[in-house]
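Since the structure comes first, as structure tokens, the remarks are kept for the end.
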Amino acid sequence: MSRIVCKFGGSSVADHNQFLKIKKILQANPKRTVVVPSAPGKRNSQEAKLTDLLYLAHDMSQKKLALDGPFTLIRDRYLEIESNLGLNAGMAAALETFRKEIVEGASRDFVASRGEYLCGLLMAAFLGAEFIDPKDTIFFDKTGRIDPRTYEVLGARLADRKKLYVIPGFYGADVKGQIKTFSRGGSDISGAIAARAAKAELYENWTDVSGLLMADPRIVENPHPLDEVSYREIRELSYMGANVFHDEAIAPVRDAGIPINIRNTNRPDDPGTMIVSKLPAVTKYDIAGVAGKKNFSMFSLEKSMMNKEIGFARKMLGIFETKGVSIEHVPSSIDSMSVVVSSEEIGEKTEAVLEDIRRILEPDTIEVEGDLALIAVVGEGMAHQVGTAAKVFIALRDANVNVRIIDQGSSEFNIIIGVGHEDYEKAIRALYSAMMTPNPAYKG
Ligand code: ASP
């Protein structure tokens, strides 16, 4: 039987009512046989996410402070779900062991991972499912990437296609067998890995919105939902701040050709957004969306006859590499070259980088500007279209936005624009409304 892997995010496991909704969702389709839960999220805007409480508990124990404050909140969340569901899943004992582990100096990753681990134990007891510990089935290699052995080992553990399995999200084991977590929001990645290992026909990612929107609703009023989007488009959009889905969660399923469906646990009948490898030839809009991020810095260097100096670009980029700073964009002209990096990443290294640039490259001028925002207009429908760039820049001119960076990848499905922070929201609104003209050839 073909099967569907279902990942449930923090808000979908926040309390016992959410657990009941999950059971109904699974019952509605017997193919839904692999469940990947996050740690319980917020029940209201005042409350902390469980993972944040776990990090707090770890920090407090490192400082030898009493853990009672955060630990009581952590314990009560699990005990409440267990008793409200009428379960006896051994939570009190598991929590007591966990408290000792924190006090005895358990690692930060181990402590954070218990959010998902305990939720997984509860979920497995509630659903009558087999519990699989990612410590024994999801492996990181020396560089922190997923070791391909994961797919064999986890695939073998998931062998029985008729059985129901629960595998908690967010962590696995490093080369020494110690618990290691993904970056924040990483249960999406666990779900993608499980989908690939299970050879699933579909990876459902259940959250609290009915799919993705074509722009950030805090900036654009009532943006359109996205029915269908390609892996390439979504990777670009989520990297640029459309944060419903972790950008590193695309690769495992894309490589295996498994589509992803973003769904809403609170509105299970909504179809959500499908993320697929290939879009139909004609889509309703030429773009998938407009997304952006603030806080970039641009190092701009000028040196006459720079283009004749062989190895110049390598040396410039090498300076950032030796300082461990990743590069976002490299706009250049005949006698100038700029490097755009995240302001947070460059932080205190700015002076050291400038010093190296002056010493190694001897530029005529070198400047750094902070407070830059990058905006991406993303859509496979834009490729090979005449007039897309004109639409973008006319919209920005009409909105009186000064464009500081322009970058279009050769694949043409992505135009990146850099603007000052003060123009960010205005530019997103202008681009969204300019690009949302329905395609006349679309018959949907
Ligand atoms: N619980 C983890 C976090 O809050 C992972 C996740 O929910 O995906 O980041």
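Values quoted throughout were computed directly from the atomic coordinates according to the rules given, and no laboratory measurement underlies them. In this text the structure is predicted, and so the values were computed from the model without any measurement. Here the Cβ positions follow ideal geometry from the backbone for every residue, glycine too, while neighbour counts run over all protein chains shown.
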Percent antiparallel among DSSP beta bridges confined to the chain, rounded to 5, stands at 65
Rounded to one decimal in nm, the spacing of the 7 Å Cα→Cβ label points at Ala313 and Lys142 is 3.1
Using the Karplus curve 6.51 cos²θ - 1.76 cosθ + 1.60 with θ = phi - 60°, work out ³J(HN,Hα) for each residue of segment 90-106 in order, rounded to whole Hz, and write x for Gly and Pro.
x, 5, 4, 5, 4, 5, 5, 4, 4, 4, 4, 4, 5, 4, 7, x, 4
Rel. contact order, % - alpha carbon contacts under 8 angstrom, at least six apart, the chain
13
Can you work out D for segment 233-298 in µm² s⁻¹ from Stokes-Einstein, where Rh is the Kirkwood radius over C-alpha pairs, the temperature is 37 °C and the viscosity is 0.692 mPa s?
239
Can you give me the Cα centroid spacing of segment 109-180 and segment 354-386 in angstrom?
40
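So which of Lys7/Lys199; Lys180/Lys323; Lys162/Lys199; Lys31/Lys180; Lys42/Lys163; Lys176/Lys199 end up more than 22 Å apart by C-alpha?
Lys180/Lys323; Lys31/Lys180; Lys42/Lys163; Lys176/Lys199
Based on DSSP H runs of at least 4 residues, each adding -39500 (n - 2.57), what is the mean residue ellipticity at 222 nm of the chain after dividing by all its residues, to the nearest 500 deg cm²/dmol? Write down the numbers at each step before the final one.
Numbers: 14 runs with 162 residues, N = 444.
Here the helix-only value at 222 nm equals -11000 deg cm²/dmol.
Going through the cross-link list Lys64/Lys100; Lys284/Lys391; Lys142/Lys294, which pairs have a Cα-Cα distance over 24 Å in this structure?
Details: Lys64/Lys100 13 Å; Lys284/Lys391 17 Å; Lys142/Lys294 32 Å.
From Lys64/Lys100; Lys284/Lys391; Lys142/Lys294, over 24 Å: Lys142/Lys294.
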Please list, in order along segment 281-294, the HN-Hα scalar couplings obtained from phi with the Karplus expression 6.51 cos²θ - 1.76 cosθ + 1.60 (θ = phi - 60°), rounded to whole Hz, x for Gly and Pro.
4, 10, 10, 4, 10, 6, 10, 8, x, 10, 9, x, 9, 9
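If packing is taken as the average number of other Cβ atoms within 10 Å across a peptide's residues, how do 294-300, 268-274, 159-165 rank, most packed first? All intermediate terms of the calculation are to be shown ahead of the outcome.
On the way: 294-300: 19.3, 268-274: 16.6, 159-165: 12.9.
Highest mean packing first, the order is 294-300, 268-274, 159-165.
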Loop sites in segment 312-392: trypsin sites (Lys or Arg not before Pro), DSSP, at most 15 other Cβ within 10 Å:
Lys323
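Using packing as a proxy for protection, rank 398-406, 128-136, 194-202 so that the peptide with the highest average count of other Cβ atoms within 10 Å comes first. Don't skip to the answer; put the middle values down first.
Working: 398-406: 15.2, 128-136: 17.0, 194-202: 23.0.
Highest to lowest by the protection proxy: 194-202, 128-136, 398-406.
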Could you list Val175, Val229 in order of exposure, starting from the residue whose Cβ has the fewest other Cβ atoms within 10 Å?
Val175, Val229
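What ranking, highest mean first, results for peptides 230-236, 305-311 when packing means the other Cβ atoms within 10 Å averaged over each residue? Kindly include the intermediate steps, with their values, before the conclusion.
Values: 230-236: 22.0, 305-311: 11.4.
With the highest mean Cβ count within 10 Å placed first, the list reads 230-236, 305-311.
Within a 10 angstrom radius of the beta carbon, how do Thr283, Thr97 rank from fewest other beta carbons to most? Each step should come with its number before you reach the end.
On the way: Thr283 21, Thr97 10.
Ascending number of Cβ neighbours within 10 Å: Thr97, Thr283.
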Could you give me the ³J(HN,Hα) list for segment 328-333, computed from phi with Karplus coefficients 6.51, -1.76, 1.60 and θ = phi - 60°, whole Hz, x at Gly and Pro?
8, 8, 9, x, 8, 9
